[in-house]
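Taking it in order: structure first as structure tokens, then the write-up.
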Amino acid sequence: KDQPASLLAANNLASLLVDNRSDKVSLDRAAALSDGLKASNVLQYQDTVGWVEYKLGKTADATQTLEAVTKQAPNFAAARYHLGMSYIAAGQPAQATEQFKTALNLEPDGTELKEKIRAAIK
């Protein structure tokens, strides 16, 4: 509310919404916030755009967005995890497993993301 034009705030709120809620109102809000991030060149923002697309069931869009992110930032573990989840939704388990294994090696031990990656591999 204090900085409605802040891309950082929009990114963080969109991420929190899709990571912690699944109701239509929250997903719609995350989608509206991520629309404002699409023109940004910040890879973390593009990852959020792709993750929101995934959560909305826009698998092809999510895959395209997240492939572009991981191509530009091959060591971005969260983006690789998100891309793996998108591949699962697209019925591409071999590609998903490859992304999960890479993400697992990149992500430091003891993080919530590391546990999510491990769970996705199983």
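The values are calculated or read from the model by the stated rules, or taken from the named source; none is laboratory data. Please read these numbers as outputs of a predicted model, since none were measured by experiment. With ideal geometry, Cβ positions are generated from the backbone for all residues, glycine too; neighbour counts draw on all protein chains shown. Accessible surface is based on the protein model in full, side chains and every heavy atom, while ligands, DNA and RNA are left aside. Shrake-Rupley method; radii C 1.70, N 1.55, O 1.52, S 1.80 Å.
A simple packing score, the average count of other Cβ atoms within 10 Å per residue, orders the peptides 11-18, 34-41 as 11-18, 34-41, with the highest score first. Rg and Dmax of the chain, based on Cα coordinates, read 13.8, 44 Å.
Candidates P93, T59, Q3 compared by Cα position along the dipole of the chain: farthest toward the positive end lies P93, with charges placed on Cβ.
Rank F76, F100 by accessible area, highest first, at a 1.4 Å probe radius? List each step's numbers first, then the result.
Numbers: F76 40, F100 5 Å².
The ordering from most to least exposed comes out as F76, F100.
The residues neighbouring A60, those whose beta-carbon lies less than 13 Å from its own, together hold a net charge of -2 under the Lys/Arg +1, Asp/Glu -1 convention. What number comes out for the charge environment of F100, summing +1 per Lys or Arg and -1 per Asp or Glu over other residues with Cβ under 12 Å away? So the environment of F100 carries a net charge of +4. Axis angle, to the nearest 10 degrees, between helix 59-72 and the longest C-alpha principal axis of the chain: 80 degrees. Length gained on full extension, D109 to I121, computed as 0.36 nm times the residue gap minus the Cα-Cα distance: 2.8 nm. Segment S40..A68, full-extension length gain: 8.8 nm, with 0.36 nm per residue of separation and the alpha-carbon distance subtracted. Axis angle, to the nearest 10 degrees, between helix 7-20 and the longest C-alpha principal axis of the chain: 60 degrees.
For a test of the definition: using alpha carbon positions, the gyration tensor, and the 1.5 limit on a/c, classify the range 66-109 as rounded, prolate or oblate. Cα axes put the range 66-109 in the oblate bin.
From Cα pairs below 8 angstrom and at least 6 apart in sequence, can you work out the relative contact order of the chain, rounded to a whole percent? Present the calculation step by step, with values, prior to reporting the outcome.
Values: 150 pairs, mean separation 18.9, N = 122.
Rounded, it is 15 percent for the chain.
Dividing the summed -39500 (n - 2.57) terms of all DSSP H runs of n ≥ 4 by the residue count of the chain sets its mean residue ellipticity at 222 nm at -23500 deg cm²/dmol.
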